[in-house]
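> Starting off with a structure, shown below.
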């Protein structure tokens with residue numbers, strides 16, 4: 001039965017071989033990524049490659065590397081991504097106990113979910129597929145609607161039931177409960193990871209909503225009708241609330257605040273107001289969490305004990321992190337403190353597995369993502385392009401902030417690197433998205449966008 005998971009790879013390979021790699025991206029990779037759990041996979045004996053939805057990236061990425069119709073200009077992010085992947089490989093092969101585990105993780109995580117996802121996002125979306133990509137992701141998340149409500153109402157996850165019924169690998173997860181209700185995970189393996197994806201969907205839908213306001217027919221009949229009645233944004237917010245995941249919900253609020261900036265003519269003033277709001281929010285959240293997690297009570301709610309766990313984890317793992325040095329311990333066999341087995345902080349997990357070198361590079365990738373968005377916001381003149389800049393900025397900001405409370409697991413890791421690649425390749429197009437606008441260097445000023 002598991003051999004069925006060869007199909008995405010084979011179909012993508014066919015599309016690429018027949019010169020239709022855009023269809024491979026839109027019709028194979030994106031549907032598999034947003035509708036199939038990553039643990040629906042086939043691992044062939046003696047092969048380090050695990051065949052799943054992610055392997056649809058392989059023929060697309062290779063074809064783009066060796067036969068791209070246009071070569072994008074080199075950006076600093078390209079270097080940071082390559083160094084981060086090399087850091088991952090060095091830590092795995094030098095620190096892991098079993099070279100086969102190292103080969104498996106480097107092939108499937110570093111090369112496929114990080115490097116290939118970045119390459120595809122960097123080289124295939126802009127500018128011709130930007131709207132279609134946003135539409136496809138929005139539509140795929142909308143297809144989850146009945147399954148989300150079934151999971152919440154009946155506490156039954158369809159993907160988990162299917163894996164159990166057909167003898168597929170179960171991923172080691174289960175339906176979680178909070179406040180007496182099931183926490184929706186859909187096909188993303190964990191409620192908090194599902195929350196991150198739904199938060200990203202809110203941000204990616206944002207430019208579509210703005211395009212609809214400008215031209216009600218440009219998105220096609222179905223998507224235009226959805227946008228007319230605000231269906232995507234309303235459902236995505238409901239989905240996010242049903243995950244009952246506090247970090248993605250909080251990040252979604254901050255993301256929505258960021259998304260207000262390009263709506264205003266005076267973007268400089270709007271940016272200043274948003275920065276003040278973010279600074280005040282961050283200060284209040286810090287003091288609240290500090291008090292919330294410093295309690296000495298013996299009986300805590302599930303939510304509070306989870307927050308206390310994360311604070312305790314930071315303290316207990318500090319000496320282990322210091323001893324890990326520049327390359328860490330490897331992803332599978334890093335030391336674990338008794339009672340604190342789950343590493344619910346991806347920055348800590350990166351340092352454990354890849355050491356200080358991996359952590360510094362990962363933080364550099366996050367900072368570079370923000371800096372690129374800022375430079376685009378300054379330079380771009382097309383309002384539509386600005387909507388995509390801030391949509392991607394909101395999604396990336398939300399992910400990088402959310403993973404202070406969760407690891408980059410399941411589909412979220414490849415989604416992150418896909419979005420990073422997309423954000424690096426954004427182009428300033430005209431009002432119909434049909435051609436690039438020549439960008440001139442100028443002083444910091446947003447007002448020229450609307451002249």
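> Could you list, in sequence order, the residues of region 1-36 that are modelled with pLDDT of 90 or more and not in a helix (DSSP H, G or I)?
The answer is 18, 19, 20, 36.
> Pick from 94, 65: which is loosely packed, with under 15 Cβ neighbours inside 10 Å, at pLDDT below 95, in contact with a helix residue (DSSP H, G or I) (Cβ under 8 Å, 6 or more places away or on another chain) and in a helix (DSSP H, G or I)? Even if it seems obvious, please write down each step before you answer.
Working: 94 fails: in contact with a helix residue (DSSP H, G or I) (Cβ under 8 Å, 6 or more places away or on another chain).
From the options 94, 65, the qualifying one is 65.
> Suppose we filter 12, 53, 102 for residues that are touching a residue at least 24 places away in the same chain (Cβ under 8 Å), surrounded by 15 or more Cβ atoms within 10 Å (Cβ to Cβ) and within 17 Å of the chain's Cα centre (by Cα); which single one remains?
Details: 12 fails: within 17 Å of the chain's Cα centre (by Cα); 102 fails: within 17 Å of the chain's Cα centre (by Cα).
Among 12, 53, 102, only 53 is touching a residue at least 24 places away in the same chain (Cβ under 8 Å), surrounded by 15 or more Cβ atoms within 10 Å (Cβ to Cβ) and within 17 Å of the chain's Cα centre (by Cα).
> Please count how many residues of region 353-364 are within 10 Å of residue 324 (Cβ to Cβ) and surrounded by fewer than 19 Cβ atoms within 10 Å (Cβ to Cβ).
Count: 1.
> Go through the residues of region 126-135 one by one and say whether even a single one is surrounded by 24 or more Cβ atoms within 10 Å (Cβ to Cβ), closer than 19 Å to residue 366 by Cβ and touching a residue at least 40 places away in the same chain (Cβ under 8 Å).
no
> Give region 216-235 a look and list any residue that's assigned to a helix (DSSP H, G or I) and buried (at least 16 other Cβ atoms within 10 Å of the Cβ), or say none. Don't jump to the end; show me each part of the working.
Our first condition is that a residue be assigned to a helix (DSSP H, G or I); within region 216-235, this holds for 221-228, 231-235.
If the condition is that a residue be assigned to a helix (DSSP H, G or I) and buried (at least 16 other Cβ atoms within 10 Å of the Cβ), then 223, 224, 226, 227, 231, 232, 233, 235 are the ones that fit.
> Answer yes or no: is there a residue in region 359-368 that is touching a residue at least 24 places away in the same chain (Cβ under 8 Å) and out of contact with any helix residue (DSSP H, G or I) (no Cβ under 6 Å at 6 or more places or on another chain).
Pass one, region 359-368, residues touching a residue at least 24 places away in the same chain (Cβ under 8 Å): 361-362, 364-366, 368.
From what is left, the residues that are out of contact with any helix residue (DSSP H, G or I) (no Cβ under 6 Å at 6 or more places or on another chain) are none.
Within region 359-368, none of the residues are touching a residue at least 24 places away in the same chain (Cβ under 8 Å) and out of contact with any helix residue (DSSP H, G or I) (no Cβ under 6 Å at 6 or more places or on another chain).
> Among the residues of region 312-352 satisfying the criterion of being in contact (Cβ under 8 Å) with a residue 24 or more places away in the chain, assigned to a helix (DSSP H, G or I) and touching a helix residue (DSSP H, G or I) at 6+ places or on another chain (Cβ under 6 Å), which is surrounded by the fewest Cβ atoms within 10 Å (Cβ to Cβ)?
Among residues in region 312-352 that are in contact (Cβ under 8 Å) with a residue 24 or more places away in the chain, assigned to a helix (DSSP H, G or I) and touching a helix residue (DSSP H, G or I) at 6+ places or on another chain (Cβ under 6 Å), the one surrounded by the fewest Cβ atoms within 10 Å (Cβ to Cβ) is 321.
> How many residues are in contact (Cβ under 8 Å) with a residue 40 or more places away in the chain and either part of a helix (DSSP H, G or I) or under 17 Å from residue 375 (Cβ atoms) (or both) when one looks only at region 265-280? Before the answer, list the steps.
If we filter region 265-280 for residues that are in contact (Cβ under 8 Å) with a residue 40 or more places away in the chain, which is where we start, we get 265-268, 271.
Next cut, either part of a helix (DSSP H, G or I) or under 17 Å from residue 375 (Cβ atoms) (or both) only: 267-268, 271.
Here the count works out to 3.
> Further question on the same structure: Is it the case, given these coordinates, that residue 412 is modelled with pLDDT under 50 and either under 23 Å from residue 54 (Cα atoms) or surrounded by 14 or more Cβ atoms within 10 Å (Cβ to Cβ) (or both)?
Working: modelled with pLDDT under 50: no; either under 23 Å from residue 54 (Cα atoms) or surrounded by 14 or more Cβ atoms within 10 Å (Cβ to Cβ) (or both): yes.
So residue 412 does not fit the description; no.
> Also, I was wondering about something else. Of the residues that sit in region 271-302 and are closer than 25 Å to residue 177 by Cα and surrounded by 13 or more Cβ atoms within 10 Å (Cβ to Cβ), which one is modelled with the highest pLDDT?
This residue is 285.
> To continue, here is another question. Consider residue 309 carefully, then state whether it is surrounded by 14 or more Cβ atoms within 10 Å (Cβ to Cβ) and part of a loop (DSSP other than H, G, I, E, B).
Numbers: surrounded by 14 or more Cβ atoms within 10 Å (Cβ to Cβ): yes; part of a loop (DSSP other than H, G, I, E, B): no.
Taking the combined requirement at face value, the residue does not satisfy it.
> Let me ask something additional. Regarding region 194-209, can at least one residue be identified that is surrounded by fewer than 18 Cβ atoms within 10 Å (Cβ to Cβ) and on the phi < 0 side of the Ramachandran plot?
If we filter region 194-209 for residues that are surrounded by fewer than 18 Cβ atoms within 10 Å (Cβ to Cβ), which is where we start, we get none.
No, that holds for no residue.
> Can you find a residue in region 197-215 that is farther than 17 Å from residue 134 by Cβ and not in a helix (DSSP H, G or I)?
Taking region 197-215 as the starting set, the residues that turn out to be farther than 17 Å from residue 134 by Cβ are none.
Within region 197-215 (the criterion being farther than 17 Å from residue 134 by Cβ and not in a helix (DSSP H, G or I)), the answer is no, since none of the residues qualifies.
> Does at least one position in region 77-89 carry a residue that is out of contact with any helix residue (DSSP H, G or I) (no Cβ under 9 Å at 6 or more places or on another chain) and within 26 Å of residue 352 (Cβ to Cβ)? Quick ask: steps written out before the conclusion?
Residues of region 77-89 out of contact with any helix residue (DSSP H, G or I) (no Cβ under 9 Å at 6 or more places or on another chain): 79.
Going one step further and asking which of them are within 26 Å of residue 352 (Cβ to Cβ), we end up with 79.
Within region 77-89, one or more residues are out of contact with any helix residue (DSSP H, G or I) (no Cβ under 9 Å at 6 or more places or on another chain) and within 26 Å of residue 352 (Cβ to Cβ).
> Just one of 140, 168, 162 is free of Cβ contacts under 8 Å to residues at least 12 places away in the same chain and either assigned to a loop (DSSP other than H, G, I, E, B) or within 23 Å of residue 55 (Cβ to Cβ) (or both); which is it?
Values: 140 fails: free of Cβ contacts under 8 Å to residues at least 12 places away in the same chain; 168 fails: free of Cβ contacts under 8 Å to residues at least 12 places away in the same chain.
Only one candidate qualifies: 162.
> Can you name the number of the only condition in (1) buried (at least 19 other Cβ atoms within 10 Å of the Cβ); (2) modelled with pLDDT of 90 or more that residue 446 fails?
(2)
The values are calculated or read from the model by the stated rules, or taken from the named source; none is laboratory data. Note that the structure is predicted; figures quoted are calculated from it, not measured. Please note: Cβ atoms are built from the backbone with ideal geometry, for glycine as well, and neighbour counts cover all protein chains shown.
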